[in-house]
Amino acid sequence: MKKNGVNMIKISAKNVDVFYGKKQALFNINLEIEENQVTALIGPSGCGKSTFLRCLNRMNDVIDICKVQGEIVINDFNINDKGCDVVRLREKIGMVFQKPNPFPKTLYENISYGPTIHGMAQSKQEMDEIVETSLKKAALWEEVKDRLHEPGTGLSGGQQQRLCIARAISVQPEVILMDEPCSALDPIATAQIEELIDELKKEHTIIIVTHSMAQAARVSQNTGFFHLGELIEHGSTDKIFKNPENNKTQDYITGRFG
Amino acid sequence: MSEATHTVKSYEEELQSLNKNIIKMGVSCEEALGKAIIAITTRDSENAETVIKNDEKIDKFETTIEQQVVNLIALRQPMAIDLRETVTALKISSDLERIGDLAKNISKRTLLLNENLPKNLVDALVRVSTNVQKQLKSVLDAYLDRSSSMATNVWENDEQIDELTNLCMQEVIKYLKEHESNLDDGTHLLFVTKNIERIGDHTTNIAEQIYYLVEGEYLEGDRPKGTEPIVTGEK
Ligand SMILES: Nc1ncnc2c1ncn2[C@@H]1O[C@H](COP(=O)(O)OP(=O)(O)OP(=O)(O)O)[C@@H](O)[C@H]1O
Ligand SMILES: [Mg+2]
């Protein structure tokens with residue numbers, strides 16, 4: 001949504017530090033994510049992109065040694081507060097991973113799982129509708145509408161990834177986190193996912209981690225560059241790829257990193 | 001270019017080679033303009049013929065650079081400073097190619113002149129062309145040093161060239177009036193003057209490109225304009 005031509009801030013990370021045991025993985029991250037935009041997170045392997053992404057839906061909670069400090073404010077609410085309902089949070093903040101990970105169940109069940117847990121459908125008919133619209137939004141419906149009751153694992157890699165996206169959007173999340181969603185896909189499947197991302201940003205705020213500079217440039221409006229646990233630079237994708245402020249950013253995106 | 005070098009050496013080499021070709025092409029244009037001016041002011045057809053012959057070399061540089069740019073974009077997908085290097089190289093080479101053409105055109109007309117030129121006309125031509133030559137040299141230095149301030153200076157000086165061109169045009173018009181029987185020479189001289197001015201304009205284009213290359217932003221504001229040209233034509 002826009003206010004006075006400026007995009008609203010959906011998520012703001014304030015002074016976020018993350019530790020795995022004694023080892024600090026993120027250092028004082030301050031980052032604002034605009035609503036209904038795609039934000040790409042880039043940076044060398046191990047710089048903390050996935051760690052940061054997991055902060056946004058408290059997925060780090062499941063890692064015993066992981067400790068998160070600082071505030072993550074979503075819709076004016078600090079999700080690191082004790083009172084945060086993590087199940088509700090993950091309904092609002094969906095996630096898609098690097099490797100497509102459909103449940104070992106039918107296509108239909110893959111999608112209906114979330115809405116069932118969150119009690120989103122009152123009848124079989126309502127559930128059918130959710131499954132259909134989710135698959136349509138993920139641009140998978142036409143390919144699978146006749147095999148909804150076959151196992152999701154029987155799809156191609158690109159189809160599985162779109163199934164996972166359909167599963168993520170079935171609960172109507174406000175934010176979708178994607179961690180290298182195309183790294184296992186061919187250029188055509190990648191293009192389909194990218195087209196999808198562009199479509200999804202109308203209704204969702206999207207944050208995508210990617211190792212492909214070209215992909216970051218293609219799909220995102222904003223880009224953040226991480227290096228050794230720090231956010232080095234954040235700004236419009238246009239600016240980052242044409243004229244970055246920081247030399248480290250420039251060296252990374254132009255392939256000059258030692 | 002950035003201090004650090006690319007992890008992929010061949011990519012680094014390709015960018016360096018592009019850079020070198022621009023400089024070589026620029027130097028060839030400088031030479032062509034220098035010789036063209038000597039040729040017209042001293043009625044020296046040998047230099048004029050050299051300029052005409054060498055233009056092929058300049059055209060070849062443009063083709064080479066264009067191919068290098070297309071390859072870089074297709075195979076390396078340059079980003080940030082590399083992207084600006086690549087795109088500006090393409091634009092600069094096309095301005096240089098035009099400068100080469102204009103120098104050649106001056107030389108062709110030189111060969112067609114029938115009479116010696118009066119001294120005050122030669123003086124006016126030398127004044128404007130000396131200035132343009134200086135500009136061209138400075139703009140190549142600005143490219144070599146990646147200096148946006150040098151590029152800005154070149155850009156600002158364009159105004160002076162426009163004024164000197166107008167003074168030169170006045171001399172040509174005077175010449176035309178005094179030599180009504182020799183319309184051919186007068187017409188050639190009009191074009192020669194205009195060509196010199198246009199070389200100045202292309203030099204200013206290059207200055208704008210260098211500014212963008214270095215700063216990542218476009219030079220702000222309108223191009224400095226001198227007095228309106230007396231003889232209208234394309235600008
Ligand atoms: N579960 C974990 N236990 C301990 N250390 C971890 C754990 N997960 C990540 N780390 C460490 O935290 C740092 C950041 O890791 P993270 O996975 O966030 O990086 P990344 O930027 O996503 O890298 P990649 O691009 O390779 O996926 C690394 O040093 C990593 O070794
Ligand atoms: Mg990761």
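Treating each Cα of the stretch B:9-215 as an identical point scatterer and summing with the Debye formula, the log10 of I(q)/I(0) at q = 0.10, 0.12 Å⁻¹ comes to -0.45, -0.62.
By the Stokes-Einstein formula, at 0.890 mPa s and 25 °C, the protein assembly as shown with its Kirkwood radius over alpha-carbon pairs has D equal to 91 µm²/s.
Put a dot 7 Å past the Cα of A:Asp128, heading toward its Cβ, do the same for A:Cys84, and the two dots end up 3.9 nm apart.
Both radii come from the Cα set of chain A: Rg as radius of gyration, Rh as Kirkwood radius; their ratio Rg/Rh reads 0.97.
Between B:Ile73 and A:Asp238, the distance separating the two model label sites (each 7 Å from Cα on the Cα→Cβ line) works out to 1.9 nm.
With the cut-off at 30 Å, tell me which of the pairs B:Lys35/B:Lys60; B:Lys9/B:Lys134; A:Lys10/A:Lys136; A:Lys242/B:Lys9 have Cα atoms farther apart than that.
As for pairs spanning more than 30 Å Cα to Cα, those are B:Lys9/B:Lys134.
Extension gain for A:Ala184 to A:Glu142 (0.36 nm times residue separation, less C-alpha to C-alpha distance): 12.9 nm. Using r as the Cβ-Cβ distance of B:Thr64 and B:Leu144, and R0 as 22 Å, what FRET efficiency do you calculate, to the nearest 0.05? The computed FRET efficiency comes out at 0.70.
Once you have the Kirkwood Rh of the stretch A:14-165 from its Cα pairs, apply Stokes-Einstein at 10 °C and 1.306 mPa s and quote D in µm²/s. Write out the running numbers ahead of the final one.
Working: Rh = 17.6 Å.
Answer, rounded: 90 µm²/s.
Comparing mean-square fluctuations of B:Glu30, B:Glu46, B:Glu66 from a GNM of chain B with C-alpha springs under 10 Å, the top value falls on B:Glu46. When you restrict to C-alpha pairs under 8 Å that are six or more residues apart and normalise by the size of chain B, the relative contact order lands at 24 percent. For the peptide B:72-84, the mean number of other protein chain Cβ atoms found within 10 angstrom of a residue's Cβ is 5. For chain B, hydrophobic long helices are taken as DSSP H runs at least 27 Å long by C-alpha position along their axis with mean Kyte-Doolittle hydropathy of -0.5 or more; these are B:9-42, B:80-112, B:119-145, B:183-215. Between the C-alpha center of the stretch A:13-44 and that of the stretch A:173-249 there is a gap of 14 Å. Distance between the pseudo-spin-label points of B:Glu156 and B:Lys174 (7 Å out from Cα toward the beta carbon): 3.1 nm. When both the stretch A:56-114 and the stretch B:23-102 are represented by their alpha-carbon centers, they are found 58 Å apart.
A short reminder: the numbers here are calculations on the coordinates, not readings from a lab. In this text the structure is predicted, and so the values were computed from the model without any measurement. Cβ atoms come from the backbone with ideal geometry, glycine included; neighbour counts cover every protein chain shown.
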